[in-house]
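Below is one structure, written out as structure tokens, with a few remarks after it.
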Ligand code: SAH
Ligand code: SF4
């Protein structure tokens, strides 16, 4: 295995200022990384050669390479990255809104994008419906490897550094199981001299490690959380997410109530709808009751099948009735449009496809 060289993307500006003297050089380097998306130290024109040589010895700039890219007709682009130790992770570029034009063809509003990033290679949680879980857990991503996914996607899509976008931690891995590197990456994204992506634009999706939800809340980073609830009773939830035994539904709901939330915002609960498992109106009724004390929003997700899974995608009618029930009973609810469904959309599916193809080759 190659040795993992630390990346300059692992550092906040404050940390970089301690490493690089005089400190204004650190600010210039930050600009090269996050405004110019430099991939080589030699691109940094105004940095003295001696400093560049010194940095080159100890650090790398880009800790990952794009090895596969799949583009969907709706503008979604799924990326597979290879890391320094040849492990692979995915990130997804999601077009949330098309560019808007006036009658004369002038742009009135730029297209809106969200990037879905991974936080681990594999995952320890082992959800029975999730393809990422099938390969087990390999390792945590470093803060720099989390940050680099966004820098690489922005560069590849020619998205200027000062254009806004949102980040969702919904790729491979359980973000709260890698809290130290996750929180560092959140801080780096927030840097004014860097990408300047506020906490409000970052959403951490978790399968519900209730103690870690508390820890994230205490860090006061200003991020949103999304809870992967998926079931309204502990028996089914434990079947779907085994660690529900240790962090049951009640403990999660209590942790959410303690989480610092912008009073104008709602906590997102993700509910993966699986045919004949949790798609009945009885479950919808229990969901309304469960979330009654919380300013919540439910995102209903169609289960995305893959070869070998025992679970099935729900019907459109059942999905729609479920949503209708929630809305009728005062619970805000959306159905996640299956962006990129033609390009192996759910987490882990592009990686798995590549593994299968390599086996056949
Ligand atoms: N580990 C975190 C974040 C990554 S998973 C979490 O579980 O929240 C991101 C989302 O992908 C989760 O909501 C998960 O339920 C969903 N997902 C996983 N497998 C899926 C599948 N086969 N079909 C649809 N969504 C899936
Ligand atoms: Fe891990 Fe999330 Fe997949 Fe569960 S759904 S195995 S927590 S990545």
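What follows is calculated from the coordinates using simple rules that are stated; it is not laboratory data. Since this is a predicted model, take the numbers as computed values, not measurements. Positions of Cβ are backbone-derived with ideal geometry, glycine not excepted, and every protein chain shown enters the neighbour counts.
Per-structure values
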{"item": "Stokes-Einstein D (µm²/s) once Rh is taken as the Kirkwood radius of segment 8-58 over alpha-carbon pairs, at 4 °C in 1.567 mPa s", "result": "119"}
{"item": "Inverse of mean 1/r across different Cα pairs in segment 54-109, Kirkwood, Å", "result": "14.4"}
{"item": "C-alpha center-to-center spacing [segment 1-61, segment 151-177] in angstrom", "result": "20"}
{"item": "Values of log10 I(q)/I(0), in the order q = 0.15, 0.19, 0.20 Å⁻¹, for segment 241-323 under a Debye, Cα-only, solvent-free model", "result": "-0.66, -0.98, -1.05"}
{"item": "187, 254, 145, 193 arranged by Cβ crowding within 10 Å, fewest neighbours leading", "result": "254, 193, 187, 145"}
{"item": "Most fluctuating residue given options 291, 61, 272, as computed from a GNM of the chain linking Cα atoms under 10 Å", "result": "291"}
{"item": "Residue 57 paired with residue 262, simple spin-label distance in nm, labels 7 Å along Cα-to-beta-carbon", "result": "4.5"}
{"item": "DSSP bridge pairs, the chain: antiparallel proportion in percent, nearest 5", "result": "50"}
{"item": "Sorted by Cβ neighbour density within 10 Å, fewest at the top, the residues 23, 86, 251, 118", "result": "86, 23, 251, 118"}
{"item": "C-alpha long axis of helix 23-34 to longest principal axis of the chain, angle in °", "result": "50"}
{"item": "Dimensionless Rg/Rh of the chain - Kirkwood Rh, Rg from C-alpha atoms", "result": "0.98"}
{"item": "Degrees between helix 143-156 axis and first principal axis of the chain (Cα, 0 to 90, nearest 10)", "result": "80"}
{"item": "The chain: relative contact order in percent, alpha carbon pairs under 8 Å with at least 6 residues between", "result": "15"}
{"item": "Relative contact order for segment 8-58, counting Cα pairs under 8 Å that sit 6 or more residues apart, in percent", "result": "24"}
{"item": "Helical contribution to [θ] at 222 nm, DSSP H n ≥ 4, -39,500 (n - 2.57), averaged over the chain, rounded to 500", "result": "-10000 deg cm²/dmol"}
{"item": "Residue order, fewest to most surrounding Cβ atoms within 10 angstrom, among 99, 114", "result": "99, 114"}
{"item": "Computed E for residue 280/residue 107 - FRET, C-beta separation, R0 45 angstrom, nearest 0.05", "result": "0.50"}
{"item": "The chain: angle of helix 49-58 to the longest principal axis, Cα-based, in degrees nearest 10", "result": "40"}
